[in-house]
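The values are calculated or read from the model by the stated rules, or taken from the named source; none is laboratory data. All values derive from a computational prediction rather than experimental measurement. As a convention, Cβ positions derive from the backbone with ideal geometry for all residues, glycine included, and neighbour counts pool all protein chains shown. Remember, those area values only see protein heavy atoms, side chains included, never the ligands or the DNA or RNA. Shrake-Rupley method; radii C 1.70, N 1.55, O 1.52, S 1.80 Å.
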Amino acid sequence: MVVAVLAVMVTFGTADALAQDPYVGRTYAYVSDRIAKYGGTPVISTVVGSELGTNDCIVTSWRRLTYVRNTGFSHNNNYSIALNCSAKLAHAGQPGNSLMSPAGQEEKKNEIRAQRLNSHPERCSANLSACRKFCDANVGKCSDEVLALI
């Protein structure tokens, strides 16, 4: 029986591994807003890189802080946040996420889409809301010509 359970865990992983973390991979702006919304206080514990502004940095890990006091454990609402402030995708001479990482692959897709939109801005005419949403989410990637259409 134990062997069967271990085989299932190895094949499919544990429930913790399958559960998607609500904050890892999100921007600090998003995470800090969500934590504050529930009465918590984000505390930046670690920062790697300096290419991005703090709000654009990606959360790599987080945990609720627990302090030991002489009366026992005190659970307050502070959350320790580790950030990656490197560029979303590494380029020659610029540190960032690897193209092999999920974040790097997502950024590469965004770069390719922006390049296509910028070379054919007329494509936005068919779906202005989708172009606006893309350009708002990817500040600096859309050309002035595309922005003028939306």
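Considering LEU52, LEU117, LEU99, LEU89, the condition of being modelled with pLDDT under 95, hydrophobic (A, V, I, L, M, F, W, C) and in a helix (DSSP H, G or I) is satisfied by LEU117 alone. Of all residue pairs spaced 6 or more apart or on separate chains, those with beta-carbon atoms under 7 Å, a first member in the stretch 17-29 that is at pLDDT 90 or above and a second member that is part of a helix (DSSP H, G or I) and open to solvent by 60 Å² or more (accessible area, probe 1.4 Å) are TYR28/THR54; TYR28/ASN55; ALA29/ASN55. Filtering the stretch 78-98 to residues that are buried (at least 19 other Cβ atoms within 10 Å of the Cβ), within 16 Å of the chain's Cα centre (by Cα) and over 15 Å from SER50 (Cα atoms) leaves only ILE81.
Based on this model, can you work out whether LEU65 counts as closer than 30 Å to TYR38 by Cα and open to solvent by less than 50 Å² (accessible area, probe 1.4 Å)? Spelling it out, LEU65 is indeed closer than 30 Å to TYR38 by Cα and open to solvent by less than 50 Å² (accessible area, probe 1.4 Å). Output the residue which, of all residues in the stretch 129-145 that are open to solvent by 20 Å² or more (accessible area, probe 1.4 Å) and not in a loop (DSSP other than H, G, I, E, B), is modelled with the lowest pLDDT. Result: ALA137.
The residues of the stretch 104-113 that are open to solvent by 90 Å² or more (accessible area, probe 1.4 Å) and within 20 Å of ASN55 (Cα to Cα) amount to a single one, GLU106.
Residues of the stretch 114-128 that are over 21 Å from the mean Cα position of the chain (by Cα), surrounded by 12 or more Cβ atoms within 10 Å (Cβ to Cβ) and hydrophobic (A, V, I, L, M, F, W, C): LEU117, CYS124. In the set (1) open to solvent by 80 Å² or more (accessible area, probe 1.4 Å); (2) of a type outside the set (Gly, Ala, Ser); (3) in contact with a helix residue (DSSP H, G or I) (Cβ under 9 Å, 6 or more places away or on another chain), LEU149 fails one condition alone, (1). Assess whether SER61 counts as being of a type in the set (Gly, Ala, Ser), farther than 30 Å from ALA148 by Cβ and either touching a residue at least 40 places away in the same chain (Cβ under 8 Å) or in contact with a His (Cβ under 8 Å, 6 or more places away or on another chain) (or both). In short, no.
Just one of the listed residues (SER119, SER101) is farther than 22 Å from GLY53 by Cβ, without any contact (Cβ under 8 Å) to a residue 24 or more places away in the chain and among the polar types (S, T, N, Q), and it is SER119.
Here is a check on your reading of the model: is SER45 touching a Leu at 6+ places or on another chain (Cβ under 7 Å), outside any loop (DSSP other than H, G, I, E, B), modelled with pLDDT of 90 or more and surrounded by fewer than 17 Cβ atoms within 10 Å (Cβ to Cβ)? For SER45, the condition - touching a Leu at 6+ places or on another chain (Cβ under 7 Å), outside any loop (DSSP other than H, G, I, E, B), modelled with pLDDT of 90 or more and surrounded by fewer than 17 Cβ atoms within 10 Å (Cβ to Cβ) - is not met.
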